[in-house]
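What follows is one structure encoded as structure tokens, with my remarks underneath.
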2 protein chains.
Amino acid sequence: MSFKNFKCVPKMIFGRGSFADLDKVLGEERKAEEDFVVFLVDDVHQDKPLGGRVPVKAHDLLIYVNVDDEPTTKQVDALTEQVQAFSKNQPVSVVGLGGGSTLDLAKAVSLMLTNPGGSAMYQGWDLIKNPAIHHIGIPTVSGTGAEASRTAVLCGPVRKLGLNSDYTVFDQIIMDSELIAGVPTDQWFYTGMDCYIHCVESLEGTYLNEFAKAFAEKSMDLCREVYIDDHAEKADKLMMASYMGGMSIAYSQVGACHAVSYGLGYVLGYHHGIGNCLAFDVLEEFYPEGVAEFRKMMIKHNIVLPKNICKDLPDETIAKMVAVTKSMGPLWDNVYGEGWEEKVTDEMLTKLFRRI
Amino acid sequence: MSFKNFKCVPKMIFGRGSFADLDKVLGEERKAEEDFVVFLVDDVHQDKPLGGRVPVKAHDLLIYVNVDDEPTTKQVDALTEQVQAFSKNQPVSVVGLGGGSTLDLAKAVSLMLTNPGGSAMYQGWDLIKNPAIHHIGIPTVSGTGAEASRTAVLCGPVRKLGLNSDYTVFDQIIMDSELIAGVPTDQWFYTGMDCYIHCVESLEGTYLNEFAKAFAEKSMDLCREVYIDDHAEKADKLMMASYMGGMSIAYSQVGACHAVSYGLGYVLGYHHGIGNCLAFDVLEEFYPEGVAEFRKMMIKHNIVLPKNICKDLPDETIAKMVAVTKSMGPLWDNVYGEGWEEKVTDEMLTKLFRRI
């Protein structure tokens, strides 16, 4: 018998306005004159106030990244090469400032700077050999749990799969709820639902233990305070919900919704947040209470999901999604436990996709 | 404006039976032939099944420690010298196996092996200069939060005060609820109440933020499941409550109960758990709801606190306790906020002590 030895983020700053401490935090990493930092910043912040507040020094490298599409292994490799072309030395830190996609890019680049051969080689579990460059995550959208997780999810040549390793985990996160103030309602909702769904999948899963349960239950309570009660401190609460949801799945596993959402996302390119919502909305047989509460939240926030996306797609497109979804073994094991292979049939999954 | 950069335990194992993984975890630290580990084990486990399960190798050092009294700087210095006499090399890890006192001893020894001059020099905040030896905490009693905290509380020549630093934090903890099965009811109750009181003090304090709040609220819910609902999974839940309570105060602060308890403990030698209960029971004006629920829990578990301990003590003994209690500035700042100095009078504290 052997238990998971869970690596988590060792240093955290929490609080409104705490982004201003980034310069001080980086100061502890900058030791020699030539030391430089790489900032990967979501390009929605370019020419916005936050862009101007990034504490870039003269010899640092600031790259605005576009995450209109989900991050890919190609994008990671190109960014890594850009950093390597910039200096023959390694940066002392890689900072990701943005939503889950940007944070995952920062994690992946910090790993690829020390692990040669291209990121597609490392999609999977514990394939990373060498420690990453020091890396810092600063969310500007909350819900994915990317700030807390040991993965960086990338679309690769063959599949969408994360770089899962202890080295992937951020060395430092800064949770400043002021930064998530300007997020458009749709994105705020979809990304927050990623967190809510993490909790449902964790709590209803066979991998659950009291560690994961305590985090998921609290995260879910916080989601309710944000999306049902419209709490005055909802930005801070959503930030904590996201972190705790991430802590929960790190010691359990996601489930049916993420499996279906990965298939949908990989084939049709839907972003993770909305992809999860589209998938979750047809999973009432898996998660009756969770889906009912989710629909209540959608109504409260006037969220209308696109309809009939898959209804008329060619059979081979559906088959491709079914194949990706079916390949997510650990997720289905978490849903059904032993013998999941017999329950996850092409027929069952095809029916689900046709309803999306 | 500057925020706390909170260092937390980076690696955690949780689960019934996970103590068996300790050998594997230590294997990653043992690199050279001569590498050795120091085990500090609460002597209640000597000649008990758990004592026999400690994965000691031929050239390791196993020391059974006595914690009938609260740990002292003298005890830490003597243990450190014992390790130094054992080998001219440093150990690759220091493992603490026991309750909060034993865990604090392990933290303190791991620090004193790399920071010369004796532990009394480092009682305070951020006085530690050098990183500690790798250290692992394995609680066999739950509630203190010592597994999660950045302090090792010691009675020194002048006062009871912790070695507070980022280096104090364990590198690894193992939370195996099987280990807390044999704890006597009184100790189980008093130590668990340390956790409950952490939550009350955190939630009612001026230092509270949403990070500390989320952890304290969940920890308190778990305490209720343990001490009121008598939940079937209460050992696992208490372990999580303790961890989360520790996480909460790490990002906020304790309050009036710990201040009074420190005075009581330093002068009369009461252990931290029962000291807190004695103090909390006279603090209904500070924490009316918390104290009411605490008394309900005492009744449920047939806990009867000693009475009239301080009633007839000489004035100078009370004055000594008052002085220690009054000196806990940050705790009173958490209780009252700015201007606390005017509110924490000798008269008020003397009245409280006379009621214990």
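The values are calculated or read from the model by the stated rules, or taken from the named source; none is laboratory data. Every value quoted in this text rests on a predicted model; they were computed, and no experiment measured them. No Cβ is skipped: glycine too gets one built from the backbone with ideal geometry, and neighbour counts run over all protein chains shown. The protein model used for the area step is the full one, side chains on, heavy atoms only, and it has no ligands, DNA or RNA in it. Shrake-Rupley method; radii C 1.70, N 1.55, O 1.52, S 1.80 Å.
In summary, A:Tyr190 fulfils each of the numbered conditions (1) open to solvent by 10 Å² or more (accessible area, probe 1.4 Å); (2) more than 23 Å from A:Met298 (Cα to Cα) with the single exception of condition (2). Here B:Ile228 fulfils each of the conditions (1) in contact with a strand residue (DSSP E or B) (Cβ under 8 Å, 6 or more places away or on another chain); (2) away from chain A (no Cβ under 14 Å) apart from (1). The test for being within 19 Å of B:Lys11 (Cβ to Cβ), out of contact with any Phe, Trp or Tyr (no Cβ under 6 Å at 6 or more places or on another chain) and open to solvent by less than 10 Å² (accessible area, probe 1.4 Å) holds for B:Ile138.
Of all residues being in contact with a helix residue (DSSP H, G or I) (Cβ under 8 Å, 6 or more places away or on another chain) and small (Gly, Ala, Ser) in the stretch B:163-211, which is farthest from A:Glu178 (Cα to Cα)? Just the residue, please. Per the stated criteria, the residue is B:Ala181. Inspection of the stretch A:146-162 identifies at least one residue that is open to solvent by less than 40 Å² (accessible area, probe 1.4 Å), closer than 18 Å to A:Phe6 by Cα, outside any loop (DSSP other than H, G, I, E, B) and outside the structural domain of A:Gly192 (by TED's automatic domain parsing). Spot the failing condition for B:Gln253; the list is (1) at pLDDT 95 or above; (2) over 19 Å from B:Asn308 (Cα atoms); (3) surrounded by fewer than 24 Cβ atoms within 10 Å (Cβ to Cβ), and only one is missed. Failed condition: (1).
If the condition is being touching a residue at least 40 places away in the same chain (Cβ under 8 Å), hydroxyl-bearing (Ser, Thr, Tyr) and not in a loop (DSSP other than H, G, I, E, B), then the stretch A:244-282 contributes A:Ser248, A:Tyr262, A:Tyr266. Test A:Glu70 against the criterion of being at pLDDT below 95, open to solvent by 20 Å² or more (accessible area, probe 1.4 Å) and in contact with a helix residue (DSSP H, G or I) (Cβ under 7 Å, 6 or more places away or on another chain), and give yes or no. Against the criterion (at pLDDT below 95, open to solvent by 20 Å² or more (accessible area, probe 1.4 Å) and in contact with a helix residue (DSSP H, G or I) (Cβ under 7 Å, 6 or more places away or on another chain)), A:Glu70 qualifies. If you go through the stretch A:1-26 and pick out every residue that is modelled with pLDDT of 95 or more, surrounded by fewer than 16 Cβ atoms within 10 Å (Cβ to Cβ) and farther than 24 Å from A:Val65 by Cβ, you end up with 2. A single member of B:Ala241, B:Ala214 is open to solvent by less than 10 Å² (accessible area, probe 1.4 Å), under 26 Å from A:Leu238 (Cα atoms), within 9 Å of another protein chain (Cβ to nearest Cβ) and touching a residue at least 40 places away in the same chain (Cβ under 8 Å), and it is B:Ala241. In the stretch A:269-281, the qualifying residues are those that are open to solvent by 10 Å² or more (accessible area, probe 1.4 Å) and in contact with a Gly (Cβ under 8 Å, 6 or more places away or on another chain), and the one that is farthest from the other protein chains (Cβ to nearest Cβ) is A:His271.
Counting residues in the stretch A:222-230 that are under 18 Å from the mean Cα position of the chain (by Cα), part of a helix (DSSP H, G or I) and assigned by TED's automatic domain parsing to the domain that holds A:Gly273 gives one or more. Summed over the stretch A:221-236, the residues that are over 19 Å from A:Glu201 (Cβ atoms), surrounded by fewer than 24 Cβ atoms within 10 Å (Cβ to Cβ) and charged (D, E, K, R) give a count of 5. The single condition among (1) without any contact (Cβ under 8 Å) to a residue 24 or more places away in the chain; (2) of a type outside the set (Gly, Ala, Ser); (3) open to solvent by 30 Å² or more (accessible area, probe 1.4 Å) that B:Phe286 does not meet is (1).
Would you pick out the residues in the stretch A:9-45 that are assigned to a helix (DSSP H, G or I), of a type in the set (Val, Ile, Thr) and within 13 Å of chain B (Cβ to nearest Cβ)? Of everything in the stretch A:9-45, just one residue is assigned to a helix (DSSP H, G or I), of a type in the set (Val, Ile, Thr) and within 13 Å of chain B (Cβ to nearest Cβ), namely A:Val25. Exactly one residue among A:Ala120, A:Ala32 is of a type in the set (A, V, I, L, M, F, W, C), open to solvent by less than 70 Å² (accessible area, probe 1.4 Å), in contact (Cβ under 8 Å) with a residue 24 or more places away in the chain and not assigned by TED's automatic domain parsing to the domain that holds A:Glu201, and that residue is A:Ala120. Taking the listed residues A:Leu127, A:Leu208, the one that is within 14 Å of chain B (Cβ to nearest Cβ) and touching a residue at least 12 places away in the same chain (Cβ under 8 Å) is A:Leu208, with no other qualifying. Checking each residue in the stretch B:295-314 for being outside any helix (DSSP H, G or I), more than 16 Å from B:Arg355 (Cα to Cα) and among the aliphatic types (A, V, I, L, M) picks out only B:Ile303.
Do we find that B:Ala292 is more than 30 Å from B:Val158 (Cα to Cα) and open to solvent by 10 Å² or more (accessible area, probe 1.4 Å) in this structure? Here the answer is yes, as B:Ala292 does meet what is asked.
The criterion of being within 16 Å of the chain's Cα centre (by Cα) and within 14 Å of chain B (Cβ to nearest Cβ) holds for A:Met175.
With respect to B:Glu81, is the statement that it is out of contact with any strand residue (DSSP E or B) (no Cβ under 6 Å at 6 or more places or on another chain), open to solvent by 50 Å² or more (accessible area, probe 1.4 Å) and in a loop (DSSP other than H, G, I, E, B) true? So B:Glu81 fails the test.
Residues checked against (1) within 30 Å of A:Asp229 (Cα to Cα); (2) in contact (Cβ under 8 Å) with a residue 12 or more places away in the chain; (3) open to solvent by less than 50 Å² (accessible area, probe 1.4 Å); (4) assigned by TED's automatic domain parsing to the domain that holds A:Tyr196:
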site	(1), (2), (3), (4)
A:His301	yes, yes, yes, yes
A:Pro306	yes, yes, no, yes
A:Cys310	no, yes, yes, yes
A:Glu316	no, no, no, yes
A:Lys320	no, yes, no, yes
A:Val335	yes, yes, yes, yes
A:Glu338	no, no, no, yes
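Number of residues in the stretch B:135-145 that are touching a strand residue (DSSP E or B) at 6+ places or on another chain (Cβ under 8 Å) and either farther than 19 Å from B:Gly118 by Cα or outside the structural domain of B:Ala78 (by TED's automatic domain parsing) (or both): the value is 6. Has the stretch A:195-205 got at least one residue that is outside the structural domain of A:Glu285 (by TED's automatic domain parsing), open to solvent by less than 10 Å² (accessible area, probe 1.4 Å) and assigned to a helix (DSSP H, G or I)? So far as the stretch A:195-205 goes, no, none of its residues is outside the structural domain of A:Glu285 (by TED's automatic domain parsing), open to solvent by less than 10 Å² (accessible area, probe 1.4 Å) and assigned to a helix (DSSP H, G or I).
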